[in-house]
Number of protein chains: 2
Amino acid sequence: MNAFEVAHAIRADCLCFRARRVARVITRAYDEALRPLGLQATQLTLMSGIAAAGDGGQPMGRLADILAIDAATLSRNLKLIEKAGFAEIGRDPRDKRVRIVRLTGEGELMLHQALPRWQQAQREVVRSLGGDSAGAALCGQFDDATRAVQAAFDF
Amino acid sequence: MNAFEVAHAIRADCLCFRARRVARVITRAYDEALRPLGLQATQLTLMSGIAAAGDGGQPMGRLADILAIDAATLSRNLKLIEKAGFAEIGRDPRDKRVRIVRLTGEGELMLHQALPRWQQAQREVVRSLGGDSAGAALCGQFDDATRAVQAAFDF
DNA sequence: CCAGAATAGTTGCATATACAAGTATCCGAT
DNA sequence: ATCGGATACTTGTATATGCAACTATTCTGG
């Protein structure tokens, strides 16, 4: 088996390559829609994750679990959101190790402003996939794959 | 609609969030298997893309198209592979703008050494997804989605 | 032929990502 | 009560990613 054949064996089936590639392409679509706001798709995801916790605020660890993201990465990404004025990072008085993240008023405003842009990107991507049912199906497949791989690898 | 509701509206359906998350999780599985070689999954993807061109070498632009990756990103990622001694970046004598990338002997050796590690990760991921047919299906869905979004957004 | 447009890469800058190692805090067994 | 391990996050370091602006080269219309 020469290098050419090895390369084709890998490229033909590699899920990692494809998962990353589709993430790049999809991300570009959302980033483009959000660009006028100076917000990246990743940051909107992060802010949604924070706001989804409601008034109690979101503990960092829980956010890391939901996003399946490394705590170190999250720590840094959060700092950017904080520096932009969209979130504040406090402490849990019950457990001083835990950081509780909340959106600021400015952050909530930005979230509202981002909604129609996000909807636009989402709509266009879903349409390109063939419509709502195809979009929902892909959504579910992403979720299923995430869960399956997480379970198998103890992530 | 308050921030909490906006956040849930976005999180409930966002394909960008899910595409990135599944890419993170899957990438970890492959990175872990490749770690003993000091190679990352992204780098193996890159090297496979180079070797897949055969003896003629791969023009950078074509590699960027295949990987759906920004030319600037590719330029830098390639330099790391080159610095590691796994590839050389030459010029196309027919068009001096074009860079032609080839694996070195060392690069081909590394590709061979990586194959069983990649197979192991691929096998475990596919198994976690429910077997070969589920793996192939997900592969196809990643490809279809990549093509669809690329076509819709002129990437 | 030649000037301007198009193409291929590179560089500057910024964010996203992760592992390893470090710090602070908490919890549990003795 | 305390000491040792577990937990939650941060910091150091390195790669991955992309946009904007730049350089070098090629192509194209006149």
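The values are calculated or read from the model by the stated rules, or taken from the named source; none is laboratory data. Quick caveat: nothing in here was measured; it's all calculated off a predicted structure. Neighbour counts run over all protein chains shown; Cβ positions are idealised from the backbone, glycine included. SASA here: full protein model, heavy atoms, side chains in, ligands and nucleic acids out. Shrake-Rupley method; radii C 1.70, N 1.55, O 1.52, S 1.80 Å.
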If we ask which residues in the stretch B:104-135 are within 30 Å of A:SER133 (Cα to Cα) and more than 8 Å from chain A (Cβ to nearest Cβ), their number turns out to be 5
Here the residues within the stretch B:57-87 that are more than 7 Å from DNA strand D (Cβ to nearest atom), within 12 Å of chain A (Cβ to nearest Cβ) and open to solvent by 50 Å² or more (accessible area, probe 1.4 Å) are B:ASP65
Within the stretch A:88-103, restricting to residues that are in contact with a helix residue (DSSP H, G or I) (Cβ under 8 Å, 6 or more places away or on another chain) and within 12 Å of DNA strand C (Cβ to nearest atom), the one that is nearest to the other protein chains (Cβ to nearest Cβ) is A:ARG99
- With the condition kept exactly as written, say whether any residue in the stretch B:98-114 is surrounded by 13 or more Cβ atoms within 10 Å (Cβ to Cβ), among the polar types (S, T, N, Q) and within 17 Å of the chain's Cα centre (by Cα). no
Residue hits (the stretch B:28-42; at the interface with chain A (Cβ under 8 Å from one of its Cβ atoms), within 11 Å of DNA strand D (Cβ to nearest atom) and open to solvent by 10 Å² or more (accessible area, probe 1.4 Å)) are B:THR42
Taking the stretch B:88-97 and keeping only residues that are within 24 Å of the chain's Cα centre (by Cα) and charged (D, E, K, R), one is left with B:GLU88, B:ARG91
Scanning the stretch A:137-154 for residues that are more than 7 Å from chain B (Cβ to nearest Cβ) and under 17 Å from the mean Cα position of the chain (by Cα), the one farthest from A:SER75 (Cα to Cα) turns out to be A:GLY140
Report task. Evaluate the stretch A:27-43: report whether one residue or more is away from DNA strand C (no atom under 12 Å from the Cβ) and touching a strand residue (DSSP E or B) at 6+ places or on another chain (Cβ under 9 Å). Result -> no
Residues in the stretch B:91-131 that are over 21 Å from B:LEU44 (Cβ atoms) and not hydrophobic (A, V, I, L, M, F, W, C) total 9
task = Would you check if B:ALA3 is at pLDDT below 95 and over 24 Å from A:ALA148 (Cβ atoms)?
result = yes
Checked the stretch B:62-87 for anything under 30 Å from B:ALA148 (Cα atoms), within 11 Å of DNA strand C (Cβ to nearest atom) and not β-branched (Val, Ile, Thr); matches are B:ARG62, B:LEU63, B:ALA64, B:ASP65, B:ASP70, B:ALA71, B:ALA72, B:LEU74, B:SER75, B:ARG76, B:ASN77, B:LEU78
Report task. Kindly establish whether A:ALA134 is touching a helix residue (DSSP H, G or I) at 6+ places or on another chain (Cβ under 6 Å) and at pLDDT 95 or above. Result -> no
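Going through the stretch B:118-155 one residue at a time, which ones are of a type in the set (D, E, K, R) and at positive phi? Even if it seems obvious, please write down each step before you answer.
From the stretch B:118-155, those of a type in the set (D, E, K, R) are B:123-124, B:127, B:132, B:143-144, B:147, B:154; that's our starting set.
Listed by number, the list holds a single entry, B:ASP154.
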